[in-house]
1. Condition first: out of contact with any Leu (no Cβ under 8 Å at 6 or more places or on another chain), over 25 Å from M31 (Cβ atoms) and assigned to a helix (DSSP H, G or I). Now tell me which residues in region 81-105 satisfy that.
2. Within region 49-67, is even one residue β-branched (V, I, T), assigned to a helix (DSSP H, G or I) and in the same structural domain as R96 (by TED's automatic domain parsing)?
3. Could you look through region 56-80, keep only residues that are of a type in the set (D, E) and either in contact with a helix residue (DSSP H, G or I) (Cβ under 7 Å, 6 or more places away or on another chain) or under 22 Å from S24 (Cα atoms) (or both), and pick out the one that is surrounded by the most Cβ atoms within 10 Å (Cβ to Cβ)?
Amino acid sequence: MSRNTKLTKGHLRDLETKGLPEDSLNVVREMAAEGCREPAIRRALGLTYPQWRALKKDTADGDLSPLAQALEEGRAEGAGEVIAFMRAKMLEGDTRAAEWLGDRLYKIGREDGSQEDAPRVLIQINAALSPDDYGRIIDVNRDRV
């Protein structure tokens, strides 16, 4: 898809006072919904990193800037499309889609907190040992406990 994304020189001069024009914010929403990363969106609009950073900065009231709001709206739309697709697959009987939704969206099985802090157990068995050698290793380890 071809987009007319570049801002004109007049728009670039007005960025600090007026912000991005609505058609540029629509491009931001569309590209964010498609999963584009911020550097790609910034380059598509022809903005420098300092301009992007200034435009993305929250307002004095703590509200999202129009640029940040457009990014969030686009990402939400894209996520909604993925979720709708996975729900349709689940309703068709795709258990993998149901598993994905349960894990990623509904966090089923994670009600008691993050599993990232759970202890990890590693059991390493050397397959080259004979049963007698395994028995000796187990006996030695029991004596240490």
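The values are calculated or read from the model by the stated rules, or taken from the named source; none is laboratory data. Please read these numbers as outputs of a predicted model, since none were measured by experiment. When we count neighbours, we look across all protein chains shown, and the Cβ atoms used for this are built from the backbone with ideal geometry, even at glycine.
1. Result: K89, L91, T95, R96, A97, A98, E99, L101, G102, D103.
2. no
3. Filtering region 56-80 for residues that are of a type in the set (D, E) and either in contact with a helix residue (DSSP H, G or I) (Cβ under 7 Å, 6 or more places away or on another chain) or under 22 Å from S24 (Cα atoms) (or both), the one surrounded by the most Cβ atoms within 10 Å (Cβ to Cβ) comes out as E73.
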